[in-house]
Amino acid sequence: MSTFKVNVVARNPKSEELATKPLEALVDTGSELTWLPAEVLKSAGITPRRRRMFATATQEKIERETGYAILSAEGYETNDEVVFAETGDMTLLGVRTLEGFGVMVDNIGHRFVATTTIVAAGKSMPKRELMWQAQNSQWSRMPKMETGPRSLL
């Protein structure tokens with residue numbers, strides 16, 4: 001799997017004319033939240049709302065402030081919770097932001113690919129239509145993997 005970076009802008013949801021400069025962030029589908037430098041978020045008037053605990057890739061427990069921002073990158077936009085990253089923390093674009101953008105990550109092409117958002121049915125759908133959707137989803141077209149002892153050889 002390869003990695004790539006995109007430019008992200010965070011805007012203050014209470015006053016959208018207050019925004020950060022574009023920040024280069026690593027697209028990280030292993031990170032739940034987006035991490036942006038605390039001083040940059042605060043300069044745009046984005047305020048911390050609470051503190052949360054996080055487990056790093058090395059399983060170290062760290063505590064950081066989080067708040068809310070309108071995030072945009074590559075022509076996509078969403079409102080999301082962001083981590084106020086401290087000195088030494090990476091600048092990351094996390095999976096919740098990607099889901100909010102309505103995109104999948106193309107690691108080979110180093111780009112975002114728009115997806116159809118899955119919606120909970122607001123009205124009952126005929127069983128035939130539900131079965132067709134399940135059979136024709138992107139997941140059903142993936143190759144089936146063999147499981148069990150033989151697949152480990």
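Observations
- The range 10-28: number of residues that are of a type in the set (A, V, I, L, M) and within 16 Å of Arg96 (Cα to Cα): 4
This table checks each residue for (1) surrounded by 15 or more Cβ atoms within 10 Å (Cβ to Cβ); (2) in a loop (DSSP other than H, G, I, E, B); (3) modelled with pLDDT of 95 or more; (4) hydrophobic (A, V, I, L, M, F, W, C).
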residue	(1), (2), (3), (4)
Glu17	no, yes, yes, no
Leu41	yes, no, yes, yes
Arg50	no, no, yes, no
Ala120	no, yes, no, yes
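- Subset of the range 73-90 [in contact (Cβ under 8 Å) with a residue 60 or more places away in the chain and surrounded by fewer than 18 Cβ atoms within 10 Å (Cβ to Cβ)]: Glu74, Asn79, Met90
- Residue match in the range 68-77 (condition: polar (S, T, N, Q) and over 14 Å from Phe112 (Cα atoms)): no
- Here Thr58 passes the criteria (1) farther than 30 Å from Val113 by Cβ; (2) modelled with pLDDT of 95 or more except the one numbered (2).
- Taken over the range 19-32, the criterion of being in a strand (DSSP E or B) and either without any contact (Cβ under 8 Å) to a residue 60 or more places away in the chain or at positive phi (or both) is satisfied by Ala19 alone.
- Checked against the criteria, Leu71 does not count as touching a strand residue (DSSP E or B) at 6+ places or on another chain (Cβ under 8 Å) and not in a strand (DSSP E or B).
- Trp35 passes every criterion in (1) touching a residue at least 60 places away in the same chain (Cβ under 8 Å); (2) out of contact with any helix residue (DSSP H, G or I) (no Cβ under 6 Å at 6 or more places or on another chain); (3) crowded, with 17+ Cβ neighbours inside 10 Å; (4) hydrophobic (A, V, I, L, M, F, W, C) apart from (1).
- Scanning the range 5-15 for residues that are exposed (fewer than 14 other Cβ atoms within 10 Å of the Cβ) and either touching an Asp or Glu at 6+ places or on another chain (Cβ under 8 Å) or more than 19 Å from Ile70 (Cβ to Cβ) (or both) yields a total of 1.
The values are calculated or read from the model by the stated rules, or taken from the named source; none is laboratory data. Remember, predicted model here, so these are calculated numbers, not experimental data. Positions of Cβ are generated from backbone atoms using ideal geometry, with glycine treated the same way; all protein chains shown enter the neighbour counts.
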